Structure formats: structure tokens, C-alpha cells
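For reference, the structure discussed in these notes is given below.
The values are calculated or read from the model by the stated rules, or taken from the named source; none is laboratory data. Since this is a predicted model, take the numbers as computed values, not measurements. Positions of Cβ are backbone-derived with ideal geometry, glycine not excepted, and every protein chain shown enters the neighbour counts.
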Amino acid sequence: MPYLLWTGLAIGWWSAYAWVNAVRAAEVLRGNGAAAEPVCLLPGELAMAMQWVPFTLLALWLAHRFPIGAGTRAILVQLAGMIVALGGRVVAVIGLNPVMGWYVGTPTFDDLLARNIQLDAFTYGLIVAAAHAVYYARAHRLRERQLARAELNALRAQLQPHFLFNTLNTIAALVPEDPEKADRMISGLGQLLRRSLDSDGRLEVPLREEIATTSSYLDIEQARFEDRLRVSWRIEPGAGDALVPPLVLQPLVENAIHHGLWPRARAGELRVTAGRRAGWLRIAIEDDGVGLPPEGPPPNGLGLANTRVRLEQLYGARHQFTVAPRDSGGVAVTVKVPYRTGRSDDAYADRG
């Protein structure tokens, strides 16, 4: 747990509590005809409230290590924590009383415990409840992250064989036509597989890695189709550092080539652009091929469907994925995700 952060929050909370009590006490005193200002009463209220800071941190730690739902042992530990808090509060008041003057004369431990046990037990109980709310909220988010990671890895595992088989088919088609070129392409495939299959289990990688993988794939396709396939890149400065899911670019490029450019005989152009737009990374894959079918449902092959689901799992509502016809012919696929840099496997924790 980030105890430094929780310490700051606990101090802030109990400081605000002390100020509220000082204001309320000043109003009561003024109502009884005594002159009183909250600022004058604040030191005493702070000294009383700050005693709860270590016990708040204790409750948070115990909830993290021994949540009540974990069994009998955890319940006994929580009860022990309450005993420590109640006893510690009494010891703190007795120790500070000569300086703060809360009581005329120093009360005994038993007497002070009897006076305050109900209020202090209720206060500590509220702290324990809040600590468990924090613990279970964190546990729920962790389970969501683990589930999302498993689902994303399963989708990626589904996509990789599809990508591999299609690439092998491309190479196999060249074997009878040009064995030497096919041999060079097999060598290139080794480098391509190393790039595409080895992402260390990351849920996001810099776009420049995706560009390198896709470039290796396009090298194979261009070796096969030569002048029939023209490729242009327009990657704006800074876009290469943005995080994207692994294997998000290559399936969209493959889809554009196989379904947009292959079906016609003449040469075609594939254009890949990426840039930052007001906190978003926008990626577009455009082709001037045969376009979308005039009737029937929109295309939703494995590459498109997989990409759609992976983006939904990783970013929730904070993304856009569109497949639309271009005015000049062909299809444009657009992906928009939040622009972020640096390694982060928990982006989906912020989805909403």
C-alpha cells in the first residue's frame, strides 16, 4: 500500500475534523457569552484529533493484511487492533493532559477508558469500515485487471496464428514462381515473428514497435506484388512514443491489402498515418481498393473483430474504431486511443 499517501490523507482528514470541532466549540462558547475564536481552540482540537492518525494507518494496514472476511483469525486480529487503539488513545490523552489541560488533574487509565470507550470504539469502528471499503475496492480493481489481462491475452493468442498462417500462405505462393525470393522472404519472416510474438506479455507497446512489425510484414507483401502495392507512411513527431496494443496495426494493414487491394488487377496504394490530436492518438489505415460492399453488414473478419474487442477491453469507452468508405474510393479504418507514453499495463484500470 502507498503508506506515505495514506499518511498524508489521514493527516488531512483529521486536521479538517479538528477545524470543524474548533468552529463548533467556538459557537457554543459564544452562545454562552464567552469570547472564543476557532483559531484559539484549534491547537487543542488538533492535539486530540492527531492521536487518531496512527490508529487510522493501523486500521488500513490490518484491513490490507487481515480483512475481516478472511476468517476467524482475521476477526481476532481486528479486535486486537481495536483494543490497541482504545488503549493507545487513553495513554496519549494522559500523556498530553499536563500540557493541553483537557482535564483538571490527570485521570486514571481505568477512569478515562470508561469515559471514552463507547465514543472511541464507535470512531475506530468507522475507521475500520472505511479501511475495508478501501481494501475491497482495490481487490475488485485487481480482479478486473487480471480478468482483462486474461481476456486480452486470449484474443492476442487467437490473432497470432491467424497472422502467421496468412503470412506463410503469402510466402508459399511465391515458392513455385521465384524460389530465391521466397527464401529471402522466409528469412524476413523470422525477423517479423520475433517482432510480433515477443512483446514480453505487455498489454501496450510504443507505436514505433508496431510500425517496425508492420513494416516487416509489408516488405513481404511488396516482395510478392512488387509494383502493384505502393505504401506511404505519415507518422508525425511524437506519435511513435504513444502506447498502443501489440499487433493492433498489422491486422488492419493485412485486411486492407487482402480485401481492398488484392481483388483488383491494377496497382493500389496503402497509406498509414498517425498523429496526436488534443490528447488522442489517431491512427488511420487507408486504401484505394474496391471499397465496402454496397449491401449487407459491414466487414467484421477476424482481424477487425479482434481489434474491436481488444480496444474495448483495454480502453472501454475511451476509444474510437471506425471502418468507413473514402470519398475517393476505398476504405479508411481509424483508431483513436488516449495519447500516453511510457510503459503501462494498467490502462484499462482507468477506462470509463
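Just to check your reading of the model, which residue among 39, 28, 20 is surrounded by 12 or more Cβ atoms within 10 Å (Cβ to Cβ), assigned to a helix (DSSP H, G or I) and not basic (Lys, Arg)?
20
Would you check if residue 73 is basic (Lys, Arg) and either surrounded by fewer than 19 Cβ atoms within 10 Å (Cβ to Cβ) or farther than 21 Å from residue 6 by Cα (or both)?
The answer is yes for residue 73.
For the range 304-342, give me each residue that is of a type in the set (A, V, I, L, M) and closer than 18 Å to residue 274 by Cβ.
311, 314, 323, 324, 331, 332, 333, 335, 337, listed by residue number.
Assuming residue 48 fulfils every condition listed in (1) crowded, with 18+ Cβ neighbours inside 10 Å; (2) free of Cβ contacts under 8 Å to residues at least 40 places away in the same chain; (3) more than 19 Å from residue 132 (Cβ to Cβ); (4) not hydroxyl-bearing (Ser, Thr, Tyr) apart from one, which condition is it?
So the condition that residue 48 fails would be (2).
Residue by residue through the range 51-64, note down the ones that are assigned to a helix (DSSP H, G or I) and either modelled with pLDDT of 90 or more or crowded, with 18+ Cβ neighbours inside 10 Å (or both). Talk me through it step by step, then tell me what you get.
Here is the first cut: in the range 51-64, the residues assigned to a helix (DSSP H, G or I) are 52-64.
Listed by number, the residues that qualify are 52, 53, 54, 55, 56, 57, 58, 59, 60, 61, 62, 63.
Could you pull out the residue among 253, 231 that is assigned to a strand (DSSP E or B), assigned by TED's automatic domain parsing to the domain that holds residue 280 and hydrophobic (A, V, I, L, M, F, W, C)? Full working, then the answer.
Working: 253 fails: assigned to a strand (DSSP E or B).
The unique qualifying residue is 231.
For the structure I just gave you, tell me whether residue 275 is in a strand (DSSP E or B), more than 15 Å from residue 323 (Cα to Cα) and in the same structural domain as residue 306 (by TED's automatic domain parsing).
Numbers: in a strand (DSSP E or B): yes; more than 15 Å from residue 323 (Cα to Cα): yes; in the same structural domain as residue 306 (by TED's automatic domain parsing): yes.
Considered against the rule, which asks whether it is in a strand (DSSP E or B), more than 15 Å from residue 323 (Cα to Cα) and in the same structural domain as residue 306 (by TED's automatic domain parsing), residue 275 comes out as yes.
Do we find a residue being surrounded by 13 or more Cβ atoms within 10 Å (Cβ to Cβ), out of contact with any Ser or Thr (no Cβ under 8 Å at 6 or more places or on another chain) and on the phi > 0 side of the Ramachandran plot anywhere in the range 276-291?
Taking every residue of the range 276-291 in turn, at least one turns out to be surrounded by 13 or more Cβ atoms within 10 Å (Cβ to Cβ), out of contact with any Ser or Thr (no Cβ under 8 Å at 6 or more places or on another chain) and on the phi > 0 side of the Ramachandran plot.
For the range 88-116, what are the residues that are aromatic (Phe, Trp, Tyr) and within 22 Å of residue 56 (Cβ to Cβ)?
The answer is 102, and nothing else.
Identify, from the list 104, 91, the residue that is over 33 Å from the mean Cα position of the chain (by Cα), more than 21 Å from residue 132 (Cα to Cα), β-branched (Val, Ile, Thr) and not in a helix (DSSP H, G or I).
104
Keeping to the range 302-334, report how many residues are part of a helix (DSSP H, G or I), in contact with a strand residue (DSSP E or B) (Cβ under 9 Å, 6 or more places away or on another chain) and either without any contact (Cβ under 8 Å) to a residue 40 or more places away in the chain or not assigned by TED's automatic domain parsing to the domain that holds residue 290 (or both).
So the count comes out to 3.
In the range 8-26, what residues are out of contact with any helix residue (DSSP H, G or I) (no Cβ under 8 Å at 6 or more places or on another chain) and within 21 Å of residue 103 (Cα to Cα)?
Across the range 8-26, the qualifying residue is only 24.
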